[in-house]
Amino acid sequence: EEIERLAEFVLRELGMSCVVKLNPTLLGEAEVRRLLHDELGYRELRLLPEAFARDLDWGRAVELVGRLRETAAMLGLGFGIKLTNTLIVGNDTGFLPASEREVYLSGPPLHVLAMHLLRRFRRAFGGQLPISFPAGIDALNFPDAVALGLVPVTVCTDLLKKGGYRRLPAYHARLGQRFAEV
């Protein structure tokens, strides 16, 4: 309800278009576990059931997005979603203090979760729902994300790694290659 109230305020009271950020928890704990542990082999990642319990579930998310799309259209404004925010997992690496019980997963595993979520949203709403995509983007998958019509496609995790900004030309080169191929 809080997400919807905030988005409604932005749309109705401020008269501004709105993008709502959604989490990979929408896939449900069983599907996230299957993807991370069984498919990708990230068995060391400990999912936190409470992260799933306190977050929006898939059915409510579809209803929320549907209502907000209708409101935005009625007001002549835009509405879209951002896939996804980081996934909260248990702090088991010893890198951060033990007092920090939760840490945030990003990068390649998040990319896979977000792509599965993207498929669900495309099945539910077709290609008409604008989707911003920052999840695990790197120079290799950047052209694919652009080809899927995701706007904007943003980069953070890759650039924060050592030498990150030196990789920026590769993003444009690979995108240029893809355009040339098409």
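What to note about this one:
- Among residues of region 1-20 being among the aliphatic types (A, V, I, L, M) and in a helix (DSSP H, G or I), the one that is surrounded by the fewest Cβ atoms within 10 Å (Cβ to Cβ) is Leu6.
- Pick from region 73-102, criterion of a type in the set (Val, Ile, Thr), out of contact with any Pro (no Cβ under 7 Å at 6 or more places or on another chain) and at pLDDT 80 or above, ranking: surrounded by the most Cβ atoms within 10 Å (Cβ to Cβ): Ile81
- Just one of (1) of a type outside the set (Ser, Thr, Tyr); (2) surrounded by 14 or more Cβ atoms within 10 Å (Cβ to Cβ); (3) part of a helix (DSSP H, G or I) fails for Gly59. It is (2).
- If you filter region 36-50 down to residues that are of a type outside the set (Lys, Arg) and assigned to a loop (DSSP other than H, G, I, E, B), you find that the one that is surrounded by the fewest Cβ atoms within 10 Å (Cβ to Cβ) is Gly41.
- The residue pairs whose first member lies in region 155-175 and is of a type in the set (Phe, Trp, Tyr), whose second member is not in a helix (DSSP H, G or I), and whose beta carbons are closer than 9 Å, counting only pairs six or more residues apart or on different chains, are Tyr171/Ile137; Tyr171/Asp138; Tyr171/Ala139; Tyr171/Val155.
The values are calculated or read from the model by the stated rules, or taken from the named source; none is laboratory data. Please read all numbers here as calculations on a predicted model, not as lab measurements. Every residue, glycine as well, gets a Cβ built from its backbone with ideal geometry; the counts of neighbours run over all protein chains shown.
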